[in-house]
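The values are calculated or read from the model by the stated rules, or taken from the named source; none is laboratory data. Every value quoted in this text rests on a predicted model; they were computed, and no experiment measured them. Every residue, glycine as well, gets a Cβ built from its backbone with ideal geometry; the counts of neighbours run over all protein chains shown.
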Amino acid sequence: MQQFEPFEGVIARTEAESEPWWPVPPHPGPDAPNVVVILLDDTGFSHFGCYGSELTTPNIDALAAEGVRFSNFHVTPLCSPTRAALLTGRNHHTVGMRAISNFDSGYPHMRGQITHHATTMAEVLRDEGYATFAVGKWHLTAMENASAAGPFDQWPLQRGFDRFYGFLEGETDQFSPDLVHDNHHVEPPAAPDEGYHLSEDLVDNAIRFIHDSVSIRPDRPFFTYLAFGAMHAPHQAPAEYLEKWRGAFDEGWDVARERWFARQLDMGLLPPGTELAPRNPGVEPWDTLPENQRRLAARLQEAFAAFLEHTDAQIGRFLEDMESLGVLDDTIVLLLSDNGASQEGGEFGVMHEMKYFNMILETPDEAVQRIDDIGGPHSHANYPWGWAQAGNTPFKWYKQNTHEGGVHVPLIVRWPSRINDAGGIRDQFHHVNDIVPTIYEILGITAPDVYRGLEQLPISGTSMAYAFDAPDEPTRKGAQYYEMFGHRAIISDGWKAVTRHIKGVPFDDDVWELYHLDEDRSECHDLAAEHPDRLAELIALWWVEAEEQGVLPLDDRSIELFFTRFRDNSPHPTSRHYEYFPPMAPMPSQVSPSLGGRGFDMSATIDRHRGDGGVLFATGTENSGISFFVQDDRLVLDYNSFNDHTVVVSDVEVPDGPSVVTIEFRRTGVGGTIRLLIDGVACGRAEVPFAMHIISSVGPSVGYDHGSPVSPRYSGQFPFEGTLHKVTVDVVRKAPPVDTTAAEQRAAMSQQ
């Protein structure tokens, strides 16, 4: 017969006349190191102790003491784009990830997933013979494809990883997370009151994957991508960590910034003469703040510090296990952040981060009423701008911005067999797309020009391996552009042109600034007026890079891209009609009906006996969500708008036997009206004062309540005890006009 698989033996009529042959599987060689990339989220340049702060990170600090710290390392201003560049070695626009994977703008640079014309490091290393593991946050799958229905071609296992344990969204609750194991959704192995925390679970599984591999194939090196949900909101940590930090930040952010900046200078992390950037607009002097604002801000920073210390402890546990296996010193470990500290807590900070995305301004006087919930399972907290800027010391601005506060982060590299300058600092300018070519150079790998029959985009990064042995050698990195939501920048030869875009302002009217980063790392002295020709050259170079790297068209849309785009042959048909048949896995929020900001009808076809109760449909968490359930023989709807519960209970009992129970929700200005119906007969009504636009990062479950309970009227998952045949949802096509005054005020504040 025709042979499709290679065979170099001889096939004759009998085995005695034939010669067997066994193909040799790929193997990178006995000296190939393991590769571990540890990625933290929303962590600023100064947050680690070894980068200046007084936060507790002994295990990260030890890693730095045994390796080198890069002090001039850059990323993109947002998580998914950085991850795309980190795993492919290409620029994020080029591979289709202009912003987060929740968005598909209809242009090649924003598909919410990495093009198959750009191999991931996992795909390349796996083909070289590596075992490949991804643990933690993924956020590189178009979110409407992240349900149990797939398609799965952009899930971790289809992009080069042998095993995966973590979550697909941009964030999740640390005590009640959405979890995926390989290609299927799973429930957390324990509850918060049993001591569960996601970071610990992630490290448990990373250790398990490595043990499985090393025990059976000790000859085979591994690549582990450990991407914590920390330090993204919600900032949550075990109670003992929270208690340790009580009162630690009562001096405020001004004192902290000055002290952390002085430590950075003493450590040699900044060029001599670097100045501390002034406070960002909206960050007021600590001593001028009202008492409740200081109380809230300090407590929110305590939660961040506790979360970071707990994360550091898990990193230490992971590295200690590798050392006990005898593989740590044969491993190149890289630890970095995906972008600068987050501005998404707003001016005051928030008990619930989703308020930021709903344009709700929560005052400190309101938030302090629940101050003791901060950091635990009953909050979804994020800290205020002042503490975010402290985390970005000495820089200005934040995550999402292309100034240094958004894109300048720590990078630690430990590899004892090659790096002999323990505790050293490398100040060469580099970017996140340089990690892949660095690993490839170390391993002697050439990126494929064609992969699975597809022509591959060229690698755009530059190897940093030369810097391991040459602390004083000039950078080999050429120009690097930046763009996010219209914010733009370019760095070349130690100079930077940057503009902070105001949404809605014509791009041609953006004001460009010019900084000599070699002398002014913190962008304190704008030289645009003094060097107009140099600025013009850099702006022109930005446009050249934008054309070549697929940055265009410029697009300043952000939150509005979250909302559902109805089209057939997708999870969101043009009919706006959905039917769900339990049992089902939980759905990501962007797969489910777009209930936020819209009217809808939801009906459940059930069959029950008297006394049977339980959840029919629930979406969100105990901090915000909607739950539709039967309890005490009554139909109940709990509309949980950031712990402001509107509860409707039917005034008649749900009948024994079959019935159809229904919710009708209609928008009325900023709020809405709820009606309950049983077999078409109205039986309950209530007014909702505020209709949520973006409900939660945790999506719905049918027939039970996945995650933390949306309603305090029950505990646990409260599964429906009768028979739930199906749930149908019809989304109203057009909402009435909404008073956007509050939203406009909140949006304006975020642009200050």
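Of all residues being in a strand (DSSP E or B) and under 30 Å from Val24 (Cα atoms) in the stretch 178-224, which is nearest to the chain's Cα centre (by Cα)? Just the residue, please. Here the residue is Thr224.
The number of residues in the stretch 60-101 that are touching a helix residue (DSSP H, G or I) at 6+ places or on another chain (Cβ under 6 Å), surrounded by fewer than 21 Cβ atoms within 10 Å (Cβ to Cβ) and not charged (D, E, K, R) comes to 0.
Would you confirm, using the coordinates I've provided, whether Tyr466 is touching a Lys or Arg at 6+ places or on another chain (Cβ under 7 Å), surrounded by fewer than 20 Cβ atoms within 10 Å (Cβ to Cβ) and modelled with pLDDT of 95 or more? Yes; evaluated as a whole, the condition is true for this residue.
Of all residues in the stretch 637-660, those satisfying the criterion of being under 15 Å from Ser603 (Cβ atoms) and either of a type in the set (Val, Ile, Thr) or not assigned by TED's automatic domain parsing to the domain that holds Ser589 (or both) are Val654, Val660. In the set Glu545, Glu530, only one residue is acidic (Asp, Glu), at pLDDT 95 or above, buried (at least 17 other Cβ atoms within 10 Å of the Cβ) and not assigned by TED's automatic domain parsing to the domain that holds Leu78; that residue is Glu545. Filter the stretch 552-596 down to residues that are surrounded by fewer than 17 Cβ atoms within 10 Å (Cβ to Cβ), within 23 Å of Glu664 (Cα to Cα) and touching a strand residue (DSSP E or B) at 6+ places or on another chain (Cβ under 9 Å), then give me how many there are. Looking only at that region, the number is 5.
Considering only residues that are at positive phi and not basic (Lys, Arg), which ones fall in the stretch 435-494? Steps first, please.
From the stretch 435-494, those at positive phi are 444, 452-453, 485-486, 493-494; that's our starting set.
Within the stretch 435-494, Gly444, Gly453, Phe485, Gly486, Asp493, Gly494 meet the criteria.
Within the set Phe152, Phe161, Phe133, the sole residue that is among the aromatic types (Phe, Trp, Tyr), touching a Lys or Arg at 6+ places or on another chain (Cβ under 6 Å) and either more than 27 Å from Met354 (Cβ to Cβ) or not in a loop (DSSP other than H, G, I, E, B) (or both) turns out to be Phe133. Filtering Lys503, Lys496 for residues that are assigned to a loop (DSSP other than H, G, I, E, B) and either modelled with pLDDT under 95 or surrounded by 15 or more Cβ atoms within 10 Å (Cβ to Cβ) (or both) leaves a single hit, Lys503.
Among the residues of the stretch 600-649, count how many are charged (D, E, K, R), on the phi > 0 side of the Ramachandran plot and touching a strand residue (DSSP E or B) at 6+ places or on another chain (Cβ under 8 Å).
At the first step, the residues of the stretch 600-649 found to be charged (D, E, K, R) are 601, 607-608, 610, 612, 622, 632-634, 638, 644.
Retained after the next criterion (residues that are on the phi > 0 side of the Ramachandran plot): 632-633.
Among the residues that remain, those that are also touching a strand residue (DSSP E or B) at 6+ places or on another chain (Cβ under 8 Å) are: 633.
Going through the stretch 600-649 one residue at a time, the tally reaches 1.
Number of residues in the stretch 674-699 that are in contact with a Phe, Trp or Tyr (Cβ under 6 Å, 6 or more places away or on another chain) and either assigned to a strand (DSSP E or B) or surrounded by 23 or more Cβ atoms within 10 Å (Cβ to Cβ) (or both) equals 2. No other residue among Arg279, Arg317, Arg294 is surrounded by 16 or more Cβ atoms within 10 Å (Cβ to Cβ) and under 30 Å from His516 (Cβ atoms) apart from Arg279.
When Pro272 is tested against (1) farther than 30 Å from Phe164 by Cβ; (2) touching a Phe, Trp or Tyr at 6+ places or on another chain (Cβ under 8 Å), exactly one condition is not met: (2). If I filter the stretch 618-670 down to residues being charged (D, E, K, R), modelled with pLDDT of 95 or more and part of a strand (DSSP E or B), which single residue comes out as farthest from Leu361 (Cα to Cα)? Among those residues, the one meeting the criterion is Glu653. Flag not set for Asp193, criterion: touching a helix residue (DSSP H, G or I) at 6+ places or on another chain (Cβ under 6 Å), on the phi < 0 side of the Ramachandran plot and surrounded by fewer than 18 Cβ atoms within 10 Å (Cβ to Cβ).
Among the listed residues Leu334, Leu276, Leu269, which satisfies the condition of being over 30 Å from Gly29 (Cα atoms), touching a strand residue (DSSP E or B) at 6+ places or on another chain (Cβ under 7 Å) and either outside the structural domain of Leu226 (by TED's automatic domain parsing) or not in a helix (DSSP H, G or I) (or both)? Quick ask: steps written out before the conclusion?
Values: Leu334 fails: over 30 Å from Gly29 (Cα atoms); Leu276 fails: touching a strand residue (DSSP E or B) at 6+ places or on another chain (Cβ under 7 Å).
It is Leu269.
Restricted to helices (runs of 4 or more DSSP H) entirely inside the stretch 353-448, those with at least 1 residues that are over 30 Å from Met121 (Cβ atoms), among the aliphatic types (A, V, I, L, M) and in contact with a helix residue (DSSP H, G or I) (Cβ under 7 Å, 6 or more places away or on another chain) are 364-367, 385-391. Take the conditions (1) surrounded by 14 or more Cβ atoms within 10 Å (Cβ to Cβ); (2) assigned to a loop (DSSP other than H, G, I, E, B); Arg488 misses just one of them, which is (2). Scanning the stretch 228-265 for residues that are within 30 Å of Asn34 (Cβ to Cβ), touching a His at 6+ places or on another chain (Cβ under 9 Å) and crowded, with 24+ Cβ neighbours inside 10 Å yields Ala230, Ala237. Among residues of the stretch 189-202 that are more than 13 Å from Leu179 (Cβ to Cβ) and outside the structural domain of Leu179 (by TED's automatic domain parsing), none has a beta-carbon under 7 Å from a residue that is among the aliphatic types (A, V, I, L, M) and at pLDDT 95 or above at least six positions away or on a different chain.
Name the residue, out of Pro410, Pro437, that is over 22 Å from the mean Cα position of the chain (by Cα) and not hydrophobic (A, V, I, L, M, F, W, C).
Working: Pro410 fails: over 22 Å from the mean Cα position of the chain (by Cα).
Sole residue among the options that is over 22 Å from the mean Cα position of the chain (by Cα) and not hydrophobic (A, V, I, L, M, F, W, C): Pro437.
Rundown of residues vs (1) of a type in the set (Ser, Thr, Tyr); (2) in a loop (DSSP other than H, G, I, E, B); (3) in the same structural domain as Phe395 (by TED's automatic domain parsing), yes/no style:
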| site | (1), (2), (3) |
| --- | --- |
| Glu8 | no, yes, no |
| Trp21 | no, yes, no |
| Pro26 | no, yes, no |
| Phe45 | no, yes, yes |
| Leu55 | no, yes, yes |
| Ala62 | no, no, yes |
| Asn72 | no, no, yes |
| Ile100 | no, yes, yes |
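What residue, of Thr119, Thr141, is part of a loop (DSSP other than H, G, I, E, B), more than 24 Å from Val24 (Cα to Cα) and of a type in the set (S, T, N, Q)?
Just a single option satisfies the conditions, and that option is Thr141.
When Gly669 is tested against (1) within 21 Å of Arg733 (Cα to Cα); (2) surrounded by 15 or more Cβ atoms within 10 Å (Cβ to Cβ), only condition (2) is not met.
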